[in-house]
Amino acid sequence: MGWSRLLITLGVVACATIAGCVKSNSQTCGDLVCPGTLACVDDHCVDRTLLAACDGRMEGETCQTAQSGSGLCQDDVCIVGRCGDGTINGEEACDGLDLGGKTCLDFGGSSPGGLSCTSECAFDPSGCSEFCGNGHQDGTEQCDGSDFDQKSCVDYGFYGGQLACTSTCTVNLGGCAGKCGDGQIQQLEECDGTNLNGQTCATLGYNGDVVALSCTNTCSFAASSCTCGGALCAKNQTCVTNGGISSCQ
């Protein structure tokens, strides 16, 4: 819980003299005796201002003290630290060698070693062998910066446009345009979904009780379209159904 650091910060763990420990407002706290300015919490002497800073606040919520600055409430005590003290405090991502258990693997690296912490207590993954943000598509990344692993919108089923890469190294297809399935007739498409480009079996020259014209998921007319009894009639024939049997006549 960071008690040792907290106690060092407070600078009061035990009394300097026996006389200082026997004031009428002192209290026994485990093996310690806390003077009146300190409170006993879990067998530790704690500055009462650190308790007051967390009064009414939730666990992990930010707290503020006039003397020590901001910190986080832990077990109803405001734990205060600073960037550079070697311990993660407040909103710090890391502090010195304290990386909070993070490694290069958390940043897309191929091995755990190489992660470091900046003087501003932020992660520096530049020492990792592979990570999202280094401008090179590595490992399971779809992209990194402008590196799309030689892929374009066409590789994702579109007819054109420009790929974009997100901050998490995944492809954003928002800049791509035109594809089979968007309901628009483009490129070499015969149809797209319910859009048959104005065609019917009749306009294609197939008359009678033929199977209706339909479109496949590859944007071409279905092979069963306009058939009569399983076959296409000649242009001068008409599909006629008698007794449930269709034939070209």
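The values are calculated or read from the model by the stated rules, or taken from the named source; none is laboratory data. Fair warning: this is a prediction, and the values are worked out from it, not measured in the lab. Cβ: placed from backbone, ideal geometry, glycine included. Neighbour counts: every protein chain shown. What goes into the accessible areas is simple: the full protein's heavy atoms, side chains included, and nothing from ligands, DNA or RNA. Shrake-Rupley method; radii C 1.70, N 1.55, O 1.52, S 1.80 Å.
Say we look at the range 200-249 and pick out the residues that are under 24 Å from residue 187 (Cα atoms) and outside any loop (DSSP other than H, G, I, E, B); which of these is farthest from the chain's Cα centre (by Cα)?
In this case the residue turns out to be 221.
Residues 169, 153: which one is more than 26 Å from residue 96 (Cα to Cα), of a type outside the set (A, V, I, L, M), surrounded by 15 or more Cβ atoms within 10 Å (Cβ to Cβ) and touching a residue at least 40 places away in the same chain (Cβ under 8 Å)?
169
Just give me the residues in the range 147-193 being in contact with a strand residue (DSSP E or B) (Cβ under 8 Å, 6 or more places away or on another chain), closer than 19 Å to residue 216 by Cβ and not in a strand (DSSP E or B), in sequence order.
Across the range 147-193, the qualifying residues are 157, 180, 181, 182, 183, 184, 185, 186, 187, 190, 191, 193.
How many of the residues in the range 103-122 are at pLDDT 90 or above and not in a loop (DSSP other than H, G, I, E, B)?
Counting residues in the range 103-122 that are at pLDDT 90 or above and not in a loop (DSSP other than H, G, I, E, B) gives 2.
Take the residues in the range 48-76 that are within 28 Å of residue 118 (Cα to Cα) and more than 30 Å from the chain's Cα centre (by Cα), then tell me which one is modelled with the lowest pLDDT.
Checked the range 48-76; the qualifying residue modelled with the lowest pLDDT is 68.
May I ask you to list the residues in the range 132-144 that are under 13 Å from residue 170 (Cα atoms), part of a loop (DSSP other than H, G, I, E, B) and open to solvent by less than 50 Å² (accessible area, probe 1.4 Å)?
132, 135, 137, 138, 141, 143
Inside the range 110-141, can you point out the residues that are within 27 Å of residue 84 (Cβ to Cβ) and charged (D, E, K, R)?
Within the range 110-141, 120, 124 qualify.
Within the range 60-84, work out how many residues are open to solvent by 50 Å² or more (accessible area, probe 1.4 Å) and part of a loop (DSSP other than H, G, I, E, B).
Residues meeting the conditions: 9.
As an exercise: evaluate residue 54 against (1) touching a residue at least 40 places away in the same chain (Cβ under 8 Å); (2) surrounded by 15 or more Cβ atoms within 10 Å (Cβ to Cβ) and give the number of the one condition it does not meet.
(1)
Results for (1) of a type in the set (A, V, I, L, M); (2) closer than 30 Å to residue 179 by Cβ, shown as yes or no for each residue.
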position	(1), (2)
71	no, no
112	no, no
115	yes, no
135	no, yes
147	no, yes
154	yes, yes
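Return yes or no: is residue 196 among the aliphatic types (A, V, I, L, M) and open to solvent by 50 Å² or more (accessible area, probe 1.4 Å)?
no
From 87, 37, 103, grab the single residue that is in contact with a strand residue (DSSP E or B) (Cβ under 6 Å, 6 or more places away or on another chain), of a type outside the set (A, V, I, L, M) and surrounded by fewer than 21 Cβ atoms within 10 Å (Cβ to Cβ).
The unique qualifying residue is 87.
Please determine, by comparing only the residues of the range 91-100 that are at pLDDT below 90 and over 26 Å from residue 139 (Cβ atoms), which one is surrounded by the most Cβ atoms within 10 Å (Cβ to Cβ).
Taking the candidates together, the pick is 92.
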